[in-house]
Amino acid sequence: MNAIRRGLGNGLVQAFLVVIGLVWLTPLAGLFLSSLRSAQDSAKGGWWTALAGPGQLSFDNYSALLKNAGMTQAFWNTVLISVPATTLVVVIAALAGYAFAWLDFPLREPLFLLVVALLVVPVQIGLLPVAKLFGQLGLFGTIPGVVLFHVAYGLPFAVFLLRNYFAEIPKEMLEAARMDGGSEWRIFTRLVLPVGRPAIASLAIFQFLWVWNDMLVALLFADSSSQPLTVQLQSQIRQFGSNIDVLAPGAFLSLIVPVAVFFAFQRHFVQGVMAGSVK
Amino acid sequence: MTATLVKEQAGPRAAGAAPVRRRRRRARLAALLFVFPALLLLGALVVYPVLFSVGRSFFDASGTRFVGGDNYTEMFRDPATLKAIRNTTVWVVVAPALLTGLGLILAVLVEKVRWATAFKLLLFMPMAVSFLAAGIIFRLAYDEDPDKGVLNAAVVSVHDAFKGTSTYPTARGRTGLLTQERDGSYRTTAAAGGTVTLPMVGVLPGDLPRGAAPAAAGTKAAPGELRGVVYLDFTPGGGGKQGEVDPEESGLPGMRVQAQHDGKTVASTTTAADGSFRFSGLGTGSYTVRLPASNFAPPYQGVSWLGPALVTPAIIGAYLWIWTGFAMVLIGAGLATLPRETLEAARMDGANEWQIFRRITVPLLAPVLTVVFVTLVINVMKVFDLVYIIAPGPVQEDATVLATQMWLVSFGGGNNQGLGSALGVLLLLLVVPAMVFNVRRFRRSQR
């Protein structure tokens, strides 16, 4: 009797989770199918009509997108922003994280507490002052400007994560390396970086997705020649109804990269997100 | 390598205190070089801007005149910023609690199925999707036209399944031959054993339901029976008599018909393809034949998700799609660390699943739930892209939150950087408790 009831309960749980899973999948499937339909078909009816008539699906929207100079430019801009912003954060934070964990310098403790405090500072508060600053430095509207902003606002979390990870390295290991006469630089590149690889991977993936998906920062700091995909797509959203044949494939193109990264490195990603909670 | 090795080893033994001090100074210099890039960027692009914004918030729009706290009082007077503050409050009250609750339920349930990993991956995946893409996804899903927006398509089909569709929203009864009631129903009277015709107009021939057949005329009713036909009293191409069933005229299938006696509905039916209907088993006397108003109701169009009233809940819905996986995975990780023996012991003592959940799981998970909740509160306060993308232009002001309002005021036409800075400072002040929480938690972990 109990077993039957448990089996029934489990069946209900399964059914409930299947429904939830479908609810989660449907919006994404809707975007994908919409991206494969012509503007005329989309104006006539919803994407689910394509399930009955798969004939209306084609990759024409995507080939049109690839011929659209503004879109391809924006795609490359996204790459040109995300890759340096990720690399720089990893390098700068690894250096600082090592120093905060193992090197001695004045004000080390208060400075690190400051980093912890900066974890939650909203990006919004930096927009206006940094825009003025970049205006004076000639960085406003350029890719390096966008990159620098992302690096700065990615640093608190990055330094925090890496310092905590590096601090777990056994002291004997480092002392042995020092006894062998390795310089700090040598210890850093030969010992700390390899040992810290899991944390660095989590950080890199997390930061990459963060920058790739950003719209707000680029909306302000990039001009029309340096804008990433998100901003390019956002500018067409006003005529949402008539632009679905551009917006849907564009959105799909912009999400396929991070989703692929997510599936390729899910474990690192989940760890990064978990370490980043309370950010 | 060997050269440096020998040199360094020889150093301290050969000489006294001076080289040690020099070496220490060099080590400090190296340390400073390691932290310098990070400190420079943090100082110039994070710390300085915070101070600048705080200062700027005490000056007027152009930045030339000191206005004290005026921007802050303005914030609570200006209807637009007030609306933003109110909406952000709604977000903070609703979204983190919903997400934590949903995450907890799913984390507990998913442990009971074998495909837990696949499910977690699916729900976590939206975390990798940009708010922009999610915004576009949900603009599509929330489309008000039930022929385009999947959500309204679902709502309308559920509604119609329970309430029925109205087939003839435009139809009217032929004036003079049918009486219209106040609620939009039409009626006429007939005696049992007789036949009745109900002529309708106002249906375009193209709008007739598929399968509508020419109206059936002149069938005789048996005793205790009442027969009739509901038809479109219009002959295509002209001709035909008003109020009579002409050969070219079409029946109206699927029309609901009621027979009433003494004000009570005694029978109801639906017309056939040729518009005919039949009530049998009636007593003698006079009946009212009635076409209820539901036949003519305008079709149900679903819910206006992105209208002023529902736009904020709708956007919160999109936010749930993105963040539920996060809450579930974090809470799931917490679940995995619970002591198995405690749970087993409770089961042995005959506690049911609900009691275990309520009395053991939730209290033991409290620290994890707090972290998830606090993380979500911080993120919800800063929500920008989703609102900016999903709320259609005219509804922006109904959906606005602090972050979007700060953007609008500072850069999007408002051009009041004094008020914009004040809004930025408000956002910062709201996360100060989280800042303190983080610093405390870190210092405790260091002891």
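Listed by chain and number, the lysines whose C-alpha is less than 20 Å from the C-alpha of B:Lys382, apart from same-chain residues fewer than 8 away, are A:Lys279, B:Lys83. Residues whose amide H falls under 5 Å from that of B:Tyr186, counting only those 5 or more places apart or on a different chain, are B:Glu181, B:Leu291, with hydrogens built in the peptide plane.
Inter-chain neighbour count for A:230-238: the average number of beta-carbon atoms from partner chains within 10 Å of each residue's beta-carbon is 4. Applied to the range A:130-147, the Karplus parametrisation 6.51 cos²θ - 1.76 cosθ + 1.60 on θ = phi - 60° returns per-residue 3J(HN,Hα) values of 5, 4, 5, 4, 5, x, 5, 8, x, 9, 5, x, 10, 4, x, x, 4, 4 Hz, with x for Gly and Pro. In order along the range B:306-318, the Karplus-derived 3J(HN,Hα) couplings, from 6.51 cos²θ - 1.76 cosθ + 1.60 at θ = phi - 60°, round to 9, x, x, 6, 9, 4, 5, x, 5, 5, 4, x, 5 Hz, and Gly and Pro are given as x.
The alpha-carbon positions of chain B define a convex hull whose volume is 335 Å³ per residue.
Close amide H contacts of B:Ala61 (hydrogens built in the peptide plane, cut-off under 5 Å, sequence separation of 5 or more or a different chain): B:Gly418.
In the range B:172-295, the C-alpha radius of gyration followed by the widest Cα-Cα span (Dmax) gives 13.6, 42 angstrom. Remark: B:Phe66, B:Phe131 ranked as B:Phe66, B:Phe131, counting other beta-carbon atoms within 10 Å and listing the fewest first. Couplings 3J(HN,Hα) for the range A:61-69, derived from phi with the Karplus relation 6.51 cos²θ - 1.76 cosθ + 1.60 (θ = phi - 60°), are 4, 5, 5, 5, 5, 5, 8, 7, 4 Hz, where x marks Gly and Pro.
Averaging 1/r over every pair of different alpha carbons in the range A:62-275 and inverting the result gives a Kirkwood radius of 18.9 Å. Which one, B:Gly412, B:Met348, B:Pro367, is farthest towards the positive end of the dipole of the range B:346-447 when Lys and Arg carry +1 and Asp and Glu -1 on their Cβ? Of the listed residues, the answer is B:Met348.
For the range A:111-231, relative contact order (Cα pairs under 8 Å, six or more residues apart, normalised by length) works out to 38 percent.
Normalised Debye scattering of the protein assembly as shown at q = 0.05, 0.07, 0.11 Å⁻¹ gives log10 I(q)/I(0) of -0.38, -0.66, -1.18, counting only Cα atoms as equal scatterers and leaving out solvent.
Residues B:Ser157, A:Ser82, arranged from fewest to most other Cβ atoms within 10 angstrom of their Cβ, appear as B:Ser157, A:Ser82. Over the range B:295-447, Cα pairs under 8 Å with separation of 6+ residues give a relative contact order of 23 percent. Got a sec? Charge dipole of chain A, +1 on Cβ for Lys and Arg, -1 for Asp and Glu; which of A:Val257, A:Gly97, A:Pro110 is way out at the positive end? So the residue we want is A:Val257. Simple point charges give the picture: +1 on the Cβ of Lys and Arg, -1 on the Cβ of Asp and Glu, and for chain B a dipole about the Cα centre of about 3480 debye.
The residues packed around A:Ser42, meaning those with a beta-carbon under 9 Å from its beta-carbon, carry a net charge of +1 if Lys and Arg are +1 and Asp and Glu are -1.
Placing +1 on the Cβ of every Lys and Arg and -1 on the Cβ of every Asp and Glu, with no other charges, gives the range B:114-217 a dipole of roughly 220 debye about its Cα centre. Among the trypsin sites (Lys or Arg not before Pro) within the range B:227-321, those in coil by DSSP and having at most 14 neighbouring Cβ atoms inside 10 Å are B:Lys241.
Sites listed here are GluC sites (Glu not before Pro) in the range A:162-239 whose DSSP assignment is loop and whose Cβ has at most 10 other Cβ atoms within 10 Å: A:Glu168. The value of relative contact order for chain A, using C-alpha pairs under 8 Å at least six residues apart, is 30 percent. Mean residue ellipticity at 222 nm, helices only, chain A: -24000 deg cm²/dmol; runs of at least 4 DSSP H residues each add -39,500 (n - 2.57), and the sum is divided by the number of residues. The packing ranking of peptides A:85-93, B:369-377, highest mean first, is A:85-93, B:369-377, where packing means the average number of other beta carbon atoms within 10 angstrom of each residue. Residue by residue along B:321-332, Cβ atoms of other protein chains within 10 Å of the local Cβ number 2 on average.
Give me the net charge for the shell around B:Ser445: Cβ to Cβ below 15 angstrom, other residues only, Lys and Arg +1, Asp and Glu -1. Result for the neighbourhood of B:Ser445: +4. Taking the charge dipole of the protein assembly as shown about its Cα centre, with +1 at Lys and Arg Cβ atoms and -1 at Asp and Glu Cβ atoms, the residue from B:Val401, B:Met435, A:Val195 reaching farthest to the positive side is A:Val195. Just how many % of Cα pairs in the range B:40-120 lie over 18 Å apart, if you round to the nearest whole percent? Taking all Cα-Cα pairs of the range B:40-120, the fraction more than 18 Å apart is 69 percent.
Here, P(r) means the percent of Cα pairs in each 5 Å bin from 0 to the largest distance; for the range A:144-206 it is 4, 16, 22, 20, 16, 12, 6, 3, 1. Packing-based ranking of B:84-90, B:113-119, B:234-240, B:384-390 yields B:384-390, B:84-90, B:113-119, B:234-240, ordered from highest to lowest mean Cβ neighbour count within 10 Å.
Near the amide H of A:Phe140, within less than 5 Å, lie the amide hydrogens of A:Gly135, all on another chain or at least 5 residues away, with H placed in the peptide plane.
Seen from A:Leu127, the other residues with C-beta closer than 15 Å to its C-beta sum to a net charge of +1, counting Lys and Arg as +1 and Asp and Glu as -1.
In a simple Cβ point-charge model (Lys, Arg +1; Asp, Glu -1; nothing else charged), the range B:329-447 has a dipole of about 680 debye relative to its Cα centre.
Partner shielding of A:111-118 amounts to 6, given as the average count of beta-carbon atoms from other chains within 10 Å of each residue beta-carbon.
Taken together, the values in this text are just the output of simple stated rules run on the coordinates, not laboratory data. Bear in mind the structure is a predicted one, so any value in this text is a computation, not a measurement. Glycine gets a Cβ as well: all are built from the backbone with ideal geometry, and neighbour counts include every protein chain shown.
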